[in-house]
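Peer 1: Before I ask anything, let me first share the structure, which is written out below as structure tokens.
The values are calculated or read from the model by the stated rules, or taken from the named source; none is laboratory data. Remember, it's a predicted structure, so these values are computed and weren't measured experimentally. Please note: Cβ atoms are built from the backbone with ideal geometry, for glycine as well, and neighbour counts cover all protein chains shown.
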Amino acid sequence: MALSLAFGTRAPVLLLDEPLAHLDPLSRRDFLELVGSHAREHGTTVLLSSHILSDISLICDRLVLLHEGGILVDAAMSEALSAHSVVRLEDEGATPGERIGVCDSMGAEVLIRHAGIARSTGRAPSLDELVLAHLDGARSPLAGTSR
């Protein structure tokens, strides 16, 4: 009901705060398809806040990652992913760029940001790995060490 009312206003921007939190997977997919369709059809900008990364990666074209009032990432989704690589901890020293943080539960892989450097080693991160490593790095004093 709230979404129908929001669409009816024809507002140029919709701010949706955790709209997927209490929906089952099928309802989340339907909701995202509806919001995406409306945004394309009416030129609406949708700001969607969510902790369900697998869902937002299907619809969002820009990633803004916030932590304690600051912005960790603000880039087009494709640019954010292509500017980073995941490397095994033992290969980190051979990879140019800035260490962001650990991106797996075992601590065996780290995320490296390549500022203006083409990815030469490692693999492309998933959205989950990108977010996890940035949040890990934001709380860890050892992350962000440039080489």
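Peer 1: Hey, among GLY116, GLY70, GLY8, GLY93, which residue is modelled with pLDDT of 90 or more, surrounded by fewer than 11 Cβ atoms within 10 Å (Cβ to Cβ) and either touching a Gly at 6+ places or on another chain (Cβ under 7 Å) or not aliphatic (A, V, I, L, M) (or both)?
Peer 2: The conditions single out GLY70.
Peer 1: Are there any pairs, at least 6 apart or on different chains, whose C-beta atoms fall under 9 Å, with the first in the stretch 1-29 and touching a residue at least 12 places away in the same chain (Cβ under 8 Å) and the second surrounded by fewer than 11 Cβ atoms within 10 Å (Cβ to Cβ), and if so, which?
Peer 2: Hits for this filter: PRO12/GLY43; GLU18/HIS51; PRO19/ALA2; LEU20/HIS51; ALA21/HIS51.
Peer 1: Moving on to the next point. Condition test on GLY43, is it over 21 Å from PHE31 (Cα atoms) and more than 17 Å from the chain's Cα centre (by Cα)?
Peer 2: Criteria not met by GLY43.
Peer 1: Tally the residues that are under 18 Å from CYS60 (Cβ atoms) and part of a loop (DSSP other than H, G, I, E, B), restricting the search to the stretch 1-15.
Peer 2: Of all residues in the stretch 1-15, those under 18 Å from CYS60 (Cβ atoms) come to 3, 6, 12-15.
This time we only want the ones that are part of a loop (DSSP other than H, G, I, E, B), so: 12.
Total satisfying the criteria: 1.
Peer 1: If GLU90 meets every condition in (1) more than 18 Å from ASP136 (Cα to Cα); (2) outside the structural domain of HIS134 (by TED's automatic domain parsing); (3) not in a strand (DSSP E or B) apart from one, which number is that one?
Peer 2: Here GLU90 meets the rest and fails (2).
Peer 1: Considering the stretch 16-33 alone, what residues qualify as being under 16 Å from CYS60 (Cβ atoms) and surrounded by 12 or more Cβ atoms within 10 Å (Cβ to Cβ)?
Peer 2: LEU16, PRO19, LEU20, ARG28, ARG29, PHE31, LEU32, GLU33
Peer 1: Right, here's the next one. Enumerate the pairs (first residue in the stretch 61-72 and of a type in the set (A, V, I, L, M, F, W, C); second residue anywhere and surrounded by 14 or more Cβ atoms within 10 Å (Cβ to Cβ) and outside any strand (DSSP E or B)) with beta-carbon separation below 7 Å, excluding pairs fewer than 6 apart on the same chain, so at least 6 apart or on different chains.
Peer 2: Going by the 7 Å Cβ cut-off, the qualifying pairs are LEU63/MET77; LEU63/ALA80; LEU65/VAL131; LEU65/HIS134; LEU72/HIS134; LEU72/ALA138.
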